[in-house]
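Remarks on the structure that follows.
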Amino acid sequence: MTPPEYVRPTTIPEALAALKGGTALAGGTTVARRARGLARLVDLQALGIDRLQVEGDHVRMGAMLRLQQMVEAELPEALREACRREAGLNLRTMASLGGTLLTCLGRSPLATALLGLHTQIRMEPGPQQWSLDDLLARRSSLPVGLLLTSVAFQVPLAIAQSAVARSPADRPIVCAVVARLAGRVPSFGVALGGFGPRPILLPEAELALAVGDVHSAAESARAACAGSQDEWASAEYRAEVAATFIHRLAGEVGV
């Protein structure tokens, strides 16, 4: 089998041109397994999109930022913990933020946490700004040649996360995030993960927390688990845990 062509662009325009007939290579943790079946690998390491910038209460993280760099950065502890839960140390030193979001399933604690922060995504060409929710919904039908360059969010007034798994080394079978946010209506972000193809936002729970109705927020989480049964847990178990988490996390962020 012919090995793939390897290119290492140094500018965004070069990368976009190469990606029209190629596959992005970020940390390599997922692409490496299928690299020999690809025509061209486009190495993104020389693009300079691996920086973390904090300006006031706004954080922008380059798509090539490694997960371990996030663990070591001055980020909200709930987000750092989500990174630790995402993968072991060896994988965190390799895996990129952008690659993780583009390939994650519903059991991703990091995607769940960033979703709860109502994170925004910058895509090229453009630049185009999408919500992370939009990106997760559209991943399977993204046009050829798009490049995720950065991820941005506003530092929350408070954020709390919780997760349960079969063992400390496992991905969660239920994880939830509640964030109290400034500058948006409603002033809460609520996300649930642990099952399905992607984590989900709970807009009804966000509206309920905005008026102090923790019970209704928890019931929204319970309802979101309908049909979530898989080989890891029953839907009934997930529903009970999710409702309990939202009750607890709402208290932790001051509802």
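Residue pairs whose Cβ atoms lie under 6 Å apart, sitting 6 or more positions apart in sequence or on different chains, and linking a residue in segment 2-17 that is under 15 Å from M64 (Cβ atoms) and acidic (D, E) to a partner that is loosely packed, with under 12 Cβ neighbours inside 10 Å and at pLDDT 95 or above, do not occur here. Within segment 201-255, the residues that satisfy the criterion of being β-branched (V, I, T), in a loop (DSSP other than H, G, I, E, B) and open to solvent by 50 Å² or more (accessible area, probe 1.4 Å) are V211, V255. Candidates in segment 87-110 are the residues that are hydroxyl-bearing (S, T, Y) and part of a loop (DSSP other than H, G, I, E, B); of these, the one that is nearest to P168 (Cα to Cα) is S108. Taking each residue of segment 35-64 that is without any contact (Cβ under 8 Å) to a residue 40 or more places away in the chain and part of a strand (DSSP E or B) and looking for partners that are open to solvent by 70 Å² or more (accessible area, probe 1.4 Å) and of a type in the set (F, W, Y) with beta-carbon atoms closer than 8 Å, six or more apart or interchain, yields R40/Y6; L41/Y6; D43/Y6. Listed conditions (1) out of contact with any helix residue (DSSP H, G or I) (no Cβ under 9 Å at 6 or more places or on another chain); (2) at pLDDT 95 or above are all met by V190, apart from (1).
Conditions (1) touching a residue at least 60 places away in the same chain (Cβ under 8 Å); (2) closer than 20 Å to L79 by Cα; (3) more than 19 Å from the chain's Cα centre (by Cα), marked per residue:
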{"site": "P172", "(1), (2), (3)": "yes, yes, no"}
{"site": "A182", "(1), (2), (3)": "yes, yes, yes"}
{"site": "G196", "(1), (2), (3)": "yes, no, no"}
{"site": "V211", "(1), (2), (3)": "no, no, yes"}
{"site": "S220", "(1), (2), (3)": "no, no, yes"}
{"site": "E231", "(1), (2), (3)": "no, no, yes"}
{"site": "T244", "(1), (2), (3)": "no, no, yes"}
{"site": "G251", "(1), (2), (3)": "no, yes, yes"}
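The residue of segment 135-164 that is most open to solvent (accessible area, probe 1.4 Å), among those that are assigned to a loop (DSSP other than H, G, I, E, B) and modelled with pLDDT of 95 or more, is L157. I'd like the full set of residues that are buried (at least 21 other Cβ atoms within 10 Å of the Cβ) and either in a loop (DSSP other than H, G, I, E, B) or of a type in the set (G, A, S) (or both), limited to segment 76-86. Answer for segment 76-86, where residues must be buried (at least 21 other Cβ atoms within 10 Å of the Cβ) and either in a loop (DSSP other than H, G, I, E, B) or of a type in the set (G, A, S) (or both): A78, A82. Residues of segment 166-181 that are part of a loop (DSSP other than H, G, I, E, B) and at pLDDT 95 or above: P172, I173, L181. Within segment 179-197, identify whether any single residue is open to solvent by 40 Å² or more (accessible area, probe 1.4 Å) and under 21 Å from A87 (Cβ atoms), and answer yes or no. Checking segment 179-197: at least one residue is open to solvent by 40 Å² or more (accessible area, probe 1.4 Å) and under 21 Å from A87 (Cβ atoms). Of the set (1) touching a strand residue (DSSP E or B) at 6+ places or on another chain (Cβ under 9 Å); (2) surrounded by 17 or more Cβ atoms within 10 Å (Cβ to Cβ), all apply to T93 but (2). When the residues of segment 96-124 are filtered to those that are out of contact with any strand residue (DSSP E or B) (no Cβ under 7 Å at 6 or more places or on another chain) and among the polar types (S, T, N, Q), the one that is surrounded by the fewest Cβ atoms within 10 Å (Cβ to Cβ) is T103.
Scan segment 40-52 residue by residue and report those that are modelled with pLDDT under 90 and either farther than 21 Å from P125 by Cβ or crowded, with 17+ Cβ neighbours inside 10 Å (or both).
Passing the criteria: L41, V42, D43.
Out of all the residues in segment 32-39, is one or more within 30 Å of S228 (Cβ to Cβ), modelled with pLDDT under 95 and of a type in the set (D, E, K, R)?
First, pick out the residues of segment 32-39 that are within 30 Å of S228 (Cβ to Cβ): 33-34.
Checking the rest, the ones that are also modelled with pLDDT under 95 come to 33-34.
Now drop any that are not of a type in the set (D, E, K, R), which leaves 33-34.
For segment 32-39, residues within 30 Å of S228 (Cβ to Cβ), modelled with pLDDT under 95 and of a type in the set (D, E, K, R): present.
The values are calculated or read from the model by the stated rules, or taken from the named source; none is laboratory data. Computed from a prediction, not measured in an experiment: that's the story for all the values here. Heads up, the Cβs are rebuilt from the backbone with ideal geometry, glycines too, and the neighbour counts pull from every protein chain shown. Quick note on the areas: whole protein, heavy atoms, side chains included, nothing else; ligands and nucleic acids left out. Shrake-Rupley method; radii C 1.70, N 1.55, O 1.52, S 1.80 Å.
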